[in-house]
Structure formats: structure tokens, C-alpha cells
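Presented below is the structure to which this report refers.
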Amino acid sequence: MTGRPPVAPVAAPPVLHGAVHSWDTSVGVDGPGTRFVVFLAGCPLRCRYCHSPDTWYGRSGRRRTVDEMVTLATRYRRFVEVAGGGVTVSGGEPLLQPAFTGELLRRWHDLGLHTALDTSGFLGDRADEALLDATDLVLLDVKAGSPATYRRVTGTGRLAPTLRFARRLADRGTPMWIRYVLVPGLTDAPDEVARVADVAAGLATVERVEVLPFHRLGAHKYAQLGLAFPLADTAPPDPELLARVRGQFAERGLTVT
Amino acid sequence: MSGNQRTVDPWRGFRDGPWRETVDVADFVRRNHEPYTGDATFLTGPTARTLAVWDRLRAMFPEERRRGVYDVDAATPSTITSHAPGYVDRERELIVGLQTDAPLRRAIMPAGGLRMVETALRAYGREPDPRVHEIFTRYRRTHNDAVFDAYPESVLAARRSHVITGLPDAYGRGRIIGDYRRVALYGVDRLVEERRALKAALDDRRSTDDVIRDREELAEQIRALGELTEMAASYGFDISRPAATGQQAIQWLYFAYLAATKEQNGAAMSLGRTAGFVDVYLRRDIAEGRLDETGAQELVDDFVIKLRIIRFLRTPEYDQLFSGDPTWVTESLGGMGADGRPLVTRTTFRYLQTLYNLGPAPEPNLTVLWSPRLPDGFKRFCAQVSLDTSAIQYENDELIRPAYDDDAAIACCVSAMRVGRDMQFFGARANLAKALLYAVNGGRDELTGAQVAPPTPPVGGETLDYDEVLAAYDRTLDWLAQTYVDALNVIHHQHDRYAYERLEMALHDHPVRRFMATGVAGLSVAVDSLSAIRYGRVKVLRDDSGLAVDYAVEGEFPTYGNDDDRADEIAVWLVETFAAKLRRQRTYRDAELTMSVLTITSNVVYGTHTGNTPDGRRAGEPFAPGANPMNGRDTHGLVASALSVAKLPYDAARDGISLTGTVTPDGLGHTRAERIANLAGVLDGYTDAGGFHLNVNVLDRATLLDAMAHPERYPQLTVRVSGYAVNFVRLTPEQQRDVVSRTFHGSL
Ligand code: SF4
């Protein structure tokens, strides 16, 4: 060796990357108030009604650092605080990238922002306690009340992990909004709805249930991706059906929107 | 008027102040207004009487829409006293007075321009009156003629090529707000006395141009006030004395406003800030047992009915340009007082309530001066009204008050001024996108090839170089600023001489502060074009004569409207640079130069007259309105685009910066209560971020159905579901039906 002093290898701080599909600002539809929303790329499920098939594949996202997404959110910080809102991480399925999602939520939370996690719960086991500690609200998409329907809806998923995750959230006191996409002929059977409603009613931290009427606005995305839209011929639910299903939740004392 | 009211002290119960000694309505309002911090539950619906009056007019509207105008008096040039009294329903009306002797019967005002009058008459199947023609060609010159006598060739060329457009050189300039409240508070006699004293004070001054003009104007103002008294007397009212009741206060101030509209066919005939003033009187009436809530609302409803039927005779082209038959009877509501108390009263609510009692309407143009500090009940009511009617607009009180004090009002759409203390010389706008094309083409017009701006070396090369373009643009903007202000100086000099607003100016302080209000169009197109040149590669396609006629853009470039500083900084630079160039010009009567970023709906026409632009926009394609991002290029939601617009500095554009936003009810939340809270939140956030103006469209089912039938009217309609946006008119009919059912059955 020459006379030069050895240089200790300096560990560069790990730069956490995630596959980010897009970001947006929305009002009243991704949690309470006006929110900055980051959509992550990649989802293990293949819901028949999915309106964002363009988020299914991790490769469709751009590699972004946590820092970038935190900086972006801080631009909206003042606005969302004055307007009464916060930040939401959505997808795709954010828990497919638990480290990135966890760090994002933690950093936002440290800034004092109201944080929301929009998830199917299918990968709920991957959310560690630190991630949930940094989450003020979980928007939990409970897609069905029975394992068979869950399979029919998602193609690739199982109901049990979502129920397990919901229970865990309730036990640890994390507030939840339960979401239920109402598709005529798929998720509208009274006993199917009743099961979901029973589950929701049994969870102490459920603040509200959002019954989301199925729509076909994502149809052109399937065409762009060269995929068939499985529900191309399914009509949105009519008002009567919607009222009935909302009623099923409401009669269990749940707040329904 | 019953005799006994002459014995009543019109100022009984009012708190004293300097307003007693000098004409100062702002001081009166500050001392006598009482904030209302509650909610809307006290409001009442329309009475049978109100509906009967309104129904009479409503029955006439379809015919008016079909024919373009309901009726015209083509033979009587309008003055304050030209027409006999007219009524809608004499037995039932609470507030009286029409522009002519019958409702919806339009008047002619040839002093602004005979050509406009005659073109309009012919367009609506009427023959111009030969006597009127003779008078206004042989004996009396019009503003229009006088302007064209004095325009230099450079202005004519810029006007022909549409790089400067919408100039008020063929009709009344408008955007002057008389302080109509003065007539109610003081009575006409006191105002005449004040004017006489002002004029007498000029007797000691040497008779220079300025002094002669001031003396003549004051003499004209005094004459106009006399005619106002005479007109009111023809309806049986003595308004030489102050108003003694709420009904009189509204009637007196309406007479004053009405007289202004009989004398001027102004582009915008705005009302000012009257609700808080009227409230003082209505509150006193209620305390005296003279009136109850139903009665108070009835008076406001009747007043608003009158404001809704203000009409001017204009050409079909003019109406097309502005998508309708606009009069811009703008009333400014709300805002905060300089003392920190909200200027929200029960009457502020009552004005908004007319949108329910009489149904939604574009006029009067109800404008809420928004502050996050406004009382919650009022904020929610405003948001609710927006949600239900899309009929109100918002301006940032936290920007207006520091600049123009707490008795400011909006003229037209976004032009703030102190009521009765400031006036403006309205100046339409210059086309910044077209000017950029002139820069590239060495001053030649991209559509005709004509040399419009002075010849400069065209920007060469196959690919545009940013620095070279910028240097050329800078020179073009110098020329544009000079030519533009030149045009405005001519227009306003001649308007003062040939179509002076005698009555409106009688209701201003003397001397008055004057603004020269310029404007720009095509901001987002110019900015995105510059961004494309800077961050992408823009190749020029030239025709045989070397004229750049098209551009091919390669590579990605940031666009204005996504809260991306790279593009937004170009927008800020452009606004500040052009404003600075304008301010360097000498203005008529040393008016303070201001600028707006506003197009109203003329963005379509500006687009028609502008060739292909380097941002990829095709020739003829409409511009985005006002300061809006270009249609479809703001891809990160309403808030991101609002934040981009909010970066434009109000200090450089003191005449206002306009943003139009369209949301569906679903895009604001799931329930009505949530939507109301969320919309109020968005307004708080936008105001807090420094945004100046927001036109909020919350679209209902009928609108979406209309958009399906007439997609060309809704280029920007965006439908949002969670984190997902679609351009409504680009959806297939089936998808559109989908949205309609989802949006309107999918909630509540
Ligand atoms: S979980 Fe969400 S993103 Fe994934 S397929 Fe289902 S609907 Fe689509």
C-alpha cells in the first residue's frame, strides 16, 4: 500500500425508491377533505371492476425516492391543511411496496400531516407496526363478504388476509373507512352485503362505510393495454339497489356515504 | 310618496361620523354595519307577489331568446329622461323603474357609436331611424367616429390582425361604478351642492386644459344629477332628499343605477357593493316594526328582478363573443372590514337567496369577496349556493383589501376598485401568443403574411433557440405595449369627449383616481410554447415566403398548470415583463396602468385568429380562458392547477387574474354536507395560497346532459373519480351516460 491513509468506507444513507404511477390532488374522494394522493404501481389482485389496470404492473411506475414524494407533498401542505385534508398513499396496492409506503407515511406523519392508506388489505400482513403508527386512517377496500365471491371479484385474492388486517386495525385502534364497490350481479346479493356489514359492524374503529357504485370510466384503459374489460356489459347500479345496499349497512348503526 | 315621511329624520338611529359632514358612504357603512355570523336558516322563500312579477317577465324570455331582442325603441336616443316611466306590473312592483317605457324594450345609445346601433338594429330585423342617422352623422359626432379619426396606422394594423382586440372603440367602455348608494344616503340635492362647491373651487385655478375639462365635466355632472331627480319624479318619487326607509334606500340607489344604464351602454355596468349598505336600512325598518324578514327579502327579490332585466342593444357578434347577452351587473358581497369584523350581513345572505327564490341566473353577477376569516355560516352558504347553482364567483378579499381598502367592489369580472373613489379606463386585451409568433416571424402576421409589427430579423434556423426567441419576443412586446397603450389613450380621450359618463362620474369623488386597465390573452399558450422551446425541441416549418407557419415539437416539456416551477416561472416572468413594459408608457390623464389576465369567453375568438403555436396547439384552436392552464394539460388536478395560477403576482396584474374551475359534485365528496365543507375548504386553501379569482362550476345533471348534446360548449369539463380524471366530452356517448347516472344517482 502507499502512504495514503485508508479511507473508511462511508455507508451512504440508503435511498429508498418506489415505483410511483402518478400523483394527484383530489377533494373528498380519497379520504376526508382535500388531499395530496400518491398512486403506487403494482397490484397482486385483478379485480374485475378495477378502473386503473394501468397501475397493475410495477414496471408501469417511475422510480421515485421518498424524498421526492415528501417534497412534492410539502408543496401542498399548506393548502391541504387550510382546506382541511391530508395526504393519501394509494395504488395499485401500496402494501406491495411496504418499505417505501411505510417510510412515506412516517415522513408525512412526522410533518404533522393527516395520513391515509388506501389498500385492499390483501397484503395487510406486510404492514408493520411502525407503518400503522404513522397512519391516521386506513381506507380498507373490503371487496366481498364470502371467500367465493372474493375470489370471483379479484381473480387472484383471498378474503381471509383482509379480514385479519381489519381485525388487527380495530384491535390496535386505527380508524378505518370500509369501502365496498357495488357491482350488479357480482357484489349485490343481500347475504353477501350482509356479511360485509356484519364484519364492519363488529369493528370498533370503523368510522364510516363508503358504498361506491361501479362505473365503467376505466374501460378505455383496458383497450389501451390490449386487455378485455370483463365488465364491459355491466351497467352501474340503479338508485334503488344503491339505496338498499346502503340501508343494509346503515341498519347496523354504521355511518354510510 | 306619502307626505308624512318628509317629517321623518332619514338618518334617525344612525351612528354619527365624518360621513355626516362630507360625502363618504364607506365611513357610513363602517360605522353602521352589523356583522351577521349565523347561518342561512333565517331566510325566507319567494312570496306570491314576487313570483307573480317574476312570472310576467319569465313568460317573455323565450320570445326574447328566439328573436335575439324582445323589442327596441329605434327612434329615441336614450338619455336619463328620454322615456316615459315603464312598469312590469304596476300594482305589484315594490321597486320601480325601467330603462325604457316597457320591460325588455331596449334603447339605442348612438353617442358611443352609431355603427354598432345600426348594425344591431339590422341584425334584429329593424330599420335604423333616418332622423337618428341624420343627427349622429350630420350634427353630432360619436365616440366611434372620433376614435377612428385619431387612431394611428400602427393601431389600425394591430387591430385588423387581432393582436390587439376587443377594444371599446365602437361602444361604451363601461367598468365604471358610480357610488349609487350616495343618492340614497344623501339625496340628490346634497350631491348637487357638493359638486357646485367643487366646481367653484376651480374658479381660482388658471384655465389650462385640465382645469377647463374638469369644470366642464363637473357642469355636466350637475346637469345629470338634475335629470336623475326629474326621472325619479316621473315615477312619483322625490329623491332630492335622503331615503328614509329600506324600500326608499333600495329605490333611490336603483334609480341612480338605472339612470347610468339609460345613459351608457357600457361593456360592463357593475353595481358596486350595496348589500351591507342596504342592510343598515332594512335592519332599522325591522327594529321599527315596519318590516319583517319576508318583507325584507321581498324588497331584495324585487330589486334583483330589476337588475336581471337590464338590457343593452348589441350586435349578435358581440353576444357570440361573450356567449350570451352579458351586462355584468356585478355586486360584490362579503369580505372583511379593515377593523377585522366581517362585512357579512343578513342582507348579504338575502342577495344570495335570490338565486333560490328566482332561480339561478348569470345576472346580477354575484361576486363573493372571500377570506378564510369569513364566518363559517356564510362560507357554507356560499359553497352551498355554488353547488346548487354554479352562479357565483369568488375573489380574494385578502388581496383586494390591502390594495383597495374595505369598500372596494369588482367591476365586470375581476377589476377591483374603491367605490366612488377610483374609476378605470377599460382596455380589453393584447394577444401574447400571437405576439410570440410575430417575434419568430420578424413582425409579420402568421396567417396573412402582412407586416404588422415593425420589421425585425426573423428568428432563423431549423430549430428554435430559446435565447434568440426570447430576445425577439422582448422586442415585440415593447412594440405591443406601446401600440396598445397608444390605442387606449386615443379611445379614452375620445370617450371622455363624446360619450362621457356624466351620472356615473357625478357619483365619484373629485378628483378621482384613474386606472388604465390593460389585459392579456393567450398566457398559457405563450408560456407552454416558450417551455417547449426551452425544454423540448421545436422545429420550424416555413412556407415559400419564409413565414413560419407550423412547428413540430419533440421531447417532453413541462406545461403551465401542474404546479411545476419550470413552466410556472415562465408565466410569472411573462406577466411581470409585459406589465413592466406597459407601465413605462405614458397614459391619458396620467392614469395608473394596471393589467388583467382575463378573457371572459373571448378566448375562443382569440384562438380563431391565431395560427399554429410552438406548444403544439393547432391554428384556430381556442385558447384557455383567462389565466387558466391550456385545456387538458393540467394533469394533476384542480388544486395543482390553482396553485400554478396563484403564483402569478397580483402586484403585476392589479386588474385581476382569472381562473375558471369545473368540478362535478362527486369531485367534491360523497354527501352534500361534505361537498359544502370541502368546497369552502378549497376556497380557503386557494385564497391562502394567493389565488385571486375562482369561477367555480359545480355541474349538475342537466349541464352534463347539455354537454352531451353540445360538446363544443364544454371543452374543459372534467369528471373526477378517486384520483382519476376524464375529459367528459371525449368519452363515448355510452360512457357519458355512465357518468351521468353515476354522478347523480351515485351520491346522496
Ligand atoms: S385492488 Fe385496486 S388496483 Fe388492484 S386490481 Fe383491485 S381495484 Fe385494481
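The values are calculated or read from the model by the stated rules, or taken from the named source; none is laboratory data. Quantities reported herein were computed from a predicted structural model and do not represent experimental measurements. Reconstructed Cβ throughout: ideal geometry from the backbone, glycine too, with neighbour counts over all protein chains shown. Note: areas computed on protein heavy atoms with side chains; ligands, DNA, RNA excluded. Shrake-Rupley method; radii C 1.70, N 1.55, O 1.52, S 1.80 Å.
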Long-range amide H partners of B:ASP550 with built H, under 5 Å: B:LEU541
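Leaving out ligands and nucleic acids, note down the accessible area per residue over segment A:17-250 with a 1.4 angstrom probe, in whole Å². Mind dumping the intermediate values first?
Numbers: 8320 Å² over 234 residues.
So segment A:17-250 comes to 36 Å² accessible per residue, rounded to a whole number.
Given the pairs A:LYS143/B:LYS379; B:LYS434/B:LYS581; B:LYS539/B:LYS647; B:LYS434/B:LYS539, which are separated by over 28 angstrom at their Cα positions? Can you show the working numbers first?
Working: A:LYS143/B:LYS379 37 Å; B:LYS434/B:LYS581 17 Å; B:LYS539/B:LYS647 30 Å; B:LYS434/B:LYS539 18 Å.
From the list (A:LYS143/B:LYS379; B:LYS434/B:LYS581; B:LYS539/B:LYS647; B:LYS434/B:LYS539), the Cα-Cα distance tops 28 Å for A:LYS143/B:LYS379; B:LYS539/B:LYS647.
Restricting things to Cα coordinates, could you compute the convex hull volume per residue of chain B in Å³? Write down the numbers at each step before the final one.
Numbers: hull volume 118.7 nm³, N = 748.
Each residue corresponds to 159 Å³ of Cα convex hull volume.
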From phi via Karplus (6.51, -1.76, 1.60), per-residue ³J(HN,Hα) for segment B:442-453 in Hz, x at Gly/Pro: x, x, 8, 6, 6, 9, 9, x, 5, 7, 9, 7
Between segment B:447-517 and segment B:545-576, the alpha-carbon center distance in angstrom: 22 Å
Rounded, prolate or oblate (a/c below 1.5 giving rounded, otherwise prolate when a/b exceeds b/c) for segment A:82-146 by Cα gyration tensor: oblate
For B:TYR606, net neighbour charge (Lys/Arg +1, Asp/Glu -1) across residues whose Cβ lies under 12 Å away: +2
Cα-based helix-to-principal-axis angle, B:209-234 vs chain B, degrees rounded to 10: 50 degrees
Cut-off under 5 Å, modelled amide H: who pairs with B:MET336 long-range: B:LEU343
Any cysteine of chain A lacking a neighbouring Cys Cβ under 4.7 Å - listed by number: A:CYS43
Burial of 40 Å² or greater, segment A:180-218 residues [accessible area, probe 1.4 Å, versus chain by itself]: A:HIS215, A:ARG216, A:LEU217
Shape category assigned to segment A:57-191 from the gyration tensor of Cα positions, a/c cut at 1.5: prolate
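So what is the calculated 222 nm ellipticity per residue for chain B, using -39500 (n - 2.57) for each DSSP H run with n of 4 or more, over all residues, to the nearest 500 deg cm²/dmol? Numbers along the way, then the final one.
On the way: 26 runs with 325 residues, N = 748.
Mean residue ellipticity, 222 nm, calculated: -13500 deg cm²/dmol.
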For the pair B and A, total buried accessible area rounded to nearest 100 Å², probe 1.4 Å: 3200 Å²
Three semi-axes of the equivalent ellipsoid, segment A:17-250, Cα gyration tensor, whole Å, largest first: 27, 21, 17
Calculated FRET efficiency for the pair B:ARG537/B:ASP292, C-beta based, R₀ 51 Å, to 0.05: 0.10
Chain B: antiparallel DSSP beta bridges as a percent of all, rounded to 5: 40 percent
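Nothing charged except the Cβ atoms of Lys and Arg (+1) and of Asp and Glu (-1): what's the magnitude of the dipole of segment A:1-151 about its Cα centre? Round to the nearest 20 debye.
In total the dipole reaches around 500 debye.
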Rounded percent of accessible protein surface that carbon and sulfur make up, chain B, 1.4 Å probe: 49 percent
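Starting from the Cα gyration tensor of the protein assembly as shown, multiply each eigenvalue by 5, take the square root, and state the resulting semi-axes largest first in whole Å.
Working: eigenvalues 572, 263, 135 Å².
Largest first, the protein assembly as shown gives 53, 36, 26 Å.
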Antiparallel %, DSSP beta bridges [both residues in segment A:17-250], to 5: 30 percent
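Counting Lys and Arg as +1 and Asp and Glu as -1, what is the net charge of the other residues whose Cβ lies under 9 Å from the Cβ of A:LEU139? Intermediate values should be presented prior to the final figure.
On the way: positive: A:ARG179; negative: A:ASP30, A:ASP118, A:ASP141, A:GLU210.
That sum, taken over residues with Cβ under 9 Å, equals -3.
Would you mind working out the magnitude of the charge dipole of segment A:17-250 relative to its Cα centre, with +1 at each Lys and Arg C-beta and -1 at each Asp and Glu C-beta, to the nearest 20 Debye?
Numbers: 28 positive and 26 negative charges, 96 e Å.
So the dipole magnitude of segment A:17-250 works out to roughly 460 debye.
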Options B:GLY607, B:ASN431, B:ILE309, ranked by Cα towards positive dipole end of the protein assembly as shown, top entry (Cβ charges): B:GLY607
Heavy atoms of B:GLU220: accessible area, 1.4 Å probe, square angstrom to 10: 50 Å²
Computed lengthening from B:ALA702 to B:ALA102, 0.36 nm per intervening residue step minus Cα-Cα distance: 212.7 nm
Fraction of beta bridges assigned by DSSP in the protein assembly as shown that are antiparallel (%, nearest 5): 35 percent
Reachable aspartates and glutamates, given that their alpha-carbon falls under 13 Å from the alpha-carbon of B:LYS262 and they are not under 8 places away in the same chain: B:ASP73, B:ASP101, B:GLU227, B:GLU501, B:GLU504
Cα convex hull of segment A:145-200 - mean projected area over all directions, nm²: 3.8 nm²
Heavy-atom accessible surface of segment A:1-158: percent carbon and sulfur, 1.4 Å: 55 percent
Sum of side-chain charges, B:ASP279 neighbourhood, beta-carbon under 10 Å (Lys, Arg +1; Asp, Glu -1): +3
Charge dipole magnitude, Cβ of K and R +1, D and E -1 - the protein assembly as shown, Cα centre, debye nearest 20: 920 debye
Two-site FRET efficiency, B:ASP544 against A:THR234, from Cβ-Cβ distance with R₀ of 60 Å, rounded to 0.05: 0.60
Contact order normalised by residue count of chain B, Cα under 8 Å, 6+ apart, percent: 14 percent
Long-range HN-HN contacts of B:THR518 with modeled amide H, under 5 Å: B:THR594, B:MET595, B:SER596
